[in-house]
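K.L.:
Pasting in a structure now, in structure tokens, and then I'll have a few things to ask.
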Amino acid sequence: MMRFGTERARRRPNLTPMIDVVFLLLVFFMLASRFGAETVLPLALAGQGGAAYEGPPRLVQVSTDAVTLNGIAVPPEGLAAALQPLVQTPGDAIILRADATAPLQQVVGVMDRLTAAGFTRLVLVE
């Protein structure tokens, strides 16, 4: 029988690098995930039934550089105050229209302001 040298004791595999990789993956996925609650804006689209439109016109146009109410420029902070004389109840419809260049965040910001002011029926038209 041939011998090729002395038999060495078997080495146990080192698990430290694998544990490091698993820990780094865990940290990465924890930082990349979203833990916040999603917010939902209640929004009625034009033409989807509902009550008929009543009262004076309430058209809010959102563009990149201005917000207008019935064609008159209004600062976003004063929009709720400008709408007060035009509505009888907070449930009256307010028509929102964004032009093609308006960023979505600006439209959502206007909707947030109106919702915070107590207006409950926002209708988005194209």
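The values are calculated or read from the model by the stated rules, or taken from the named source; none is laboratory data. Here the structure is a predicted model, which means the values were calculated and not measured. Don't worry about glycine lacking a Cβ; one is built from the backbone with ideal geometry, like all the others, and counts go over all protein chains shown.
K.L.:
Tell me the residue from Pro57, Pro75 that is in contact with a strand residue (DSSP E or B) (Cβ under 9 Å, 6 or more places away or on another chain) and at pLDDT 85 or above, please.
P.N.:
After ruling out the rest, the residue left standing is Pro75.
K.L.:
Go through region 28-54 and give me each residue that's exposed (fewer than 10 other Cβ atoms within 10 Å of the Cβ) and either modelled with pLDDT of 75 or more or on the phi > 0 side of the Ramachandran plot (or both).
P.N.:
Phe29, Met30, Leu31, Ala32, Ser33, Arg34, Gly47, Gly49
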